[in-house]
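Q: Provided herewith is a single structure, encoded as structure tokens, for subsequent inquiry.
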Amino acid sequence: MELLQPVVRPYPWGSRRGIAELQGRPVPAAGPEAELWMGAHPSGPSGLARRADKLDAFIAADPERELGPQVVARFGPRLPFLLKVLSAAQALSIQVHPSREQAQAGFRADNDRGLALDDPARNYVDDWPKPELLCALTPFEVVAGLRTPADAAGILRALAVPELQPLAADLAPSAPASAAPGVEPAPAAQEAEPAPADLARVLGVILDWPDPDRLVSDVLAACGPLAAGTGPYAETCASALRVADDHPGDLGLVAMLLMRHLVLQPGQALFMPAGGLHAYLEGTGIEVLANSDNVVRAGLTPKHIDVPELLKLLDPAVTVPILSSCAVAEGLSSYDSPAPEFRLYRLDLAATPLELPGTGPRILLCVDGAVALHSDSGSVFLDQGESCFISAADAPVRAAGPAHAFLAAPGEI
């Protein structure tokens, strides 16, 4: 077991307080701290408190021992997941993540174009997929997944911006053609219900709008009265107005209105599969994801935007339900997801030791109290905000508190 030295990512959208308060240190004077990385991604591997090398090099020296043979056989000699604390004071970009096949093809294509790994024009910085699960530590506001076509038509009509009404008409279900009383209309006379693919097409039209400044201005002006009311789109419109302070004139402000608006409460989570459109708006949470940093963006960012590539990856049928944890044992619960790369557990530890689930590599983060970890190979003690890599060779491991902690492990293999 090895105490980690996580990597802080100071992205401009980050909070000044969330990560510092979790780690029990003063608010930094240097600027925002957006993400705390605990893992072995090549662009930001964690340090090891008792060793000179980084976690990725430590694993690479003996992957069979540190990861276990099953994990190496399934994912190769690489830690399959990355654990983060994410703390947002401003909106992150509207984005999607690729599947494994899409990531491999996209990474190869960017390499064939001769783009360096740090080139801002790259869409793919590695060849891994990036499914992710976010669990809220504070109320966490997101837009995630597209609305139904009928609901998207509803908000476009409520905005009453003339240029958007043809798009609303494309998304509104059409009534069957009239027929004589008692006579069913012929099948050819009925138009098909709009499908998620129709909404994806509308999204593409908005993200490629020829006069973005005017459209965004008109939409935000229309959001004001809706945000002040009590209708079904009040919260979404209020969010767009807040986000506009940081991203003036951005077409993502219009695109986010076509997405589902959610506020996760502490302990609630959402799972984002490949192809799911989303943007995190504000809050602090625990994020576990496949060991990748692939992001394809379409708005709310000064970074590289590639709308055609995003639309190619987009799965408009992805729904993003709010997840609650499922009890596994006393003091132990899990957040289920279909991703094979990871599983997230929540631990409510008492003085009586609890055996940690899993036998492969794991990372444990203490978010409150203090954790004592014991295995046949030794003991490690974690205070609030500290984290630890647990090797496959350390099993079994027992944990005691009192403390609250999160454990990332491989999923079902």
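Q: If each DSSP helix of 4+ residues adds -39,500 (n - 2.57) and the sum is divided by the residues in the chain, what number results at 222 nm, nearest 500 deg cm²/dmol? It would help to have the intermediate numbers written out before the result.
A: Details: 12 runs with 107 residues, N = 413.
Counting only the DSSP helices, I get -7500 deg cm²/dmol.
Q: Which of the following values of volume of the Cα convex hull per residue in Å³ was calculated from the structure shown: (1) 181; (2) 165; (3) 141?
A: (1)
Q: Ok, one more. Just in segment 292-349: which GluC sites (Glu not before Pro) are loop by DSSP and have at most 15 other Cβ atoms within 10 Å?
A: Counting only loop positions with at most 15 other Cβ atoms within 10 Å, the GluC sites (Glu not before Pro) in segment 292-349 are Glu330.
Q: Would you kindly state how much longer the chain becomes between Gln265 and Asp336 on full extension, computed as 0.36 nm times their sequence separation minus their alpha carbon distance, in nm to one decimal?
A: Details: separation 71, 0.36 × 71 = 25.56 nm, distance 1.75 nm.
Length difference between fully extended and current span is 23.8 nm.
Q: Which peptide among 5-11, 229-235, 51-57 comes first, and what is the full order, when sorted by highest mean count of other Cβ atoms within 10 Å?
A: Highest-to-lowest ranking by the protection proxy: 5-11, 51-57, 229-235.
Q: Going by a ≥ b ≥ c, the root eigenvalues of the Cα gyration tensor, does segment 1-46 fall in the rounded group (a/c under 1.5), the prolate group (a/b larger than b/c) or the oblate group? Don't skip to the answer; put the middle values down first.
A: Working: a/c = 2.88, a/b = 1.46, b/c = 1.97.
Oblate shape, in that a/c is at least 1.5 and b/c is the bigger or equal ratio.
Q: Name the cysteines of the chain that stand alone by the Cβ rule: no other cysteine Cβ under 4.7 angstrom.
A: That list is Cys135, Cys326, Cys366, Cys388.
Q: For Val96, list long-range residues whose amide hydrogen, built 1.01 Å from N in the peptide plane, is under 5 Å from its own amide hydrogen.
A: For Val96, whose amide H was placed from the backbone, the distant partners under 5 Å are Val296.
Q: Kindly work out what percent of the DSSP beta bridges joining two residues of segment 255-373 are antiparallel, to the nearest 5.
A: 100 percent
Q: What lysines sit close enough to Lys130 to cross-link, taking a C-alpha to C-alpha distance under 19 Å and skipping anything fewer than 8 places away on the same chain?
A: Lys84, Lys303, Lys312
Q: Quick check: net charge around Ser324, other residues with Cβ under 11 Å of its Cβ, Lys/Arg +1 and Asp/Glu -1?
A: Neighbourhood net charge equals 0.
Q: Okay, next question. To the nearest 0.05, how large is the calculated FRET efficiency for Leu117 and Glu64 if R₀ is 25 Å and r is the Cβ-Cβ distance?
A: For R0 = 25 Å, the calculated efficiency reads 0.35.
Q: Need one number: nm distance between label points at Arg25 and Asp245, each 7 Å from Cα along Cα→Cβ, rounded to one decimal.
A: It works out to 2.8 nm between the two label points.
Q: Shifting gears a bit: Which parts of segment 362-380 would a label at Ala400 reach, counting a residue when its backbone N lies under 15 Å from a point 7 Å out along Cα-to-Cβ?
A: What the label zone holds, given the 15 Å backbone N cut-off, is 370-376, 378-380.
Q: Beta carbons within 10 angstrom, averaged per residue: use that to sort the peptides 243-256, 370-383, highest first.
A: With the highest mean Cβ count within 10 Å placed first, the list reads 243-256, 370-383.
Q: Once phi is turned into θ = phi - 60°, what whole-Hz ³J(HN,Hα) does the Karplus curve with 6.51, -1.76 and 1.60 give for every residue of segment 46-51, x standing for Gly and Pro?
A: For segment 46-51, the Karplus-derived couplings read 5, x, 10, 4, 10, 9 Hz, x marking Gly and Pro.
Q: Still on this structure, please answer the following. Points 7 angstrom from Cα along the Cβ direction at Glu101 and Ala228: gap in nanometres?
A: It is 5.1 nm.
Q: Please work out whether segment 339-409 counts as rounded, prolate or oblate from its C-alpha gyration tensor, where a ≥ b ≥ c are the square roots of the eigenvalues and a/c under 1.5 means rounded, while otherwise a/b larger than b/c means prolate and anything else oblate?
A: oblate
Q: Take peptides 350-357, 393-400 and line them up by average Cβ neighbours within 10 Å, highest first, as a rough protection proxy.
A: 393-400, 350-357
No value in this document is a laboratory result; all are computed from the given coordinates. What you see is a predicted model; the values in this text were computed from it and never measured. Using ideal geometry, Cβ is built from the backbone for each residue, glycine included, and neighbour counts are taken over all protein chains shown.
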